[in-house]
1. So for the range 3-127, averaging the separation of alpha carbon pairs under 8 Å that are six or more residues apart and normalising by length, what relative contact order in percent results?
2. Want the number for A131 to E80: 0.36 nm per residue separation, take away the alpha-carbon distance, what's left?
3. If we sort 50-57, 127-134, 18-25 on the protection proxy, mean other Cβ atoms within 10 Å, highest first, what's the order?
4. Please work out the FRET efficiency for the pair S47 and Q16, using the Cβ-Cβ distance as r and a Förster radius of 25 Å; give the result to the nearest 0.05.
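Please treat every number below as a calculation from the coordinates, not as lab data. Please read these numbers as outputs of a predicted model, since none were measured by experiment. Quick reminder, even Gly has a Cβ in these numbers, built from the backbone with ideal geometry, and neighbours come from all protein chains shown.
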Amino acid sequence: MTKQELIKEAFLARKQAYAPYSKFKVGAALLCESGTVFRGCNVENASYGATMCAERTALFSAVAAGERKFEMIAIVGGNEFEFNEVNGYAYPCGMCRQALSEFCKPDMPVIVARSEEDYKEFTMKELLPEAFTL
Ligand code: THU
């Protein structure tokens with residue numbers, strides 16, 4: 001699967017975002033070593049702290065389905081409501097970086113995209129150096 005295809009999956013995931021409070025809709029697509037892609041969106045709550053991020057929705061869905069090894073993640077997010085373009089790059093929050101680091105290798109690519117053509121690529125290690133482990 002290409003990076004462009006995974007970004008497209010992230011935009012499809014973003015369509016399901018439930019963000020009536022922040023209006024900031026996020027989509028994530030996580031490619032497993034098995035080849036399966038898990039989509040995730042943010043799911044907000046009237047009790048704001050109960051909100052779940054798109055990245056962890058995708059990660060936990062995949063892990064709950066038995067996946068343990070991952071190849072790449074693409075993330076798209078922003079206030080714009082057009083289907084396949086957003087204003088800026090939506091970087092994963094600190095809690096999502098930590099959650100991803102539990103399963104994803106330090107050199108795994110993390111893509112933040114504004115469109116299928118306009119994206120930036122990092123590694124897990126770049127986004128979370130010296131990650132906490134037990
Ligand atoms: N959000 C994500 O989905 N992923 C992140 O990494 C950061 C923030 C969501 C949570 C909330 O619904 C909205 O973006 C604004 O914070």
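1. Rounded, it is 24 percent for the range 3-127.
2. Working: separation 51, 0.36 × 51 = 18.36 nm, distance 3.23 nm.
15.1 nm is the gain from fully extending A131 to E80.
3. On the way: 50-57: 20.8, 127-134: 10.9, 18-25: 14.4.
So the peptides 50-57, 127-134, 18-25, ranked by packing, come out 50-57, 18-25, 127-134.
4. Values: r = 21 Å, r/R0 = 0.82.
It comes to 0.75.
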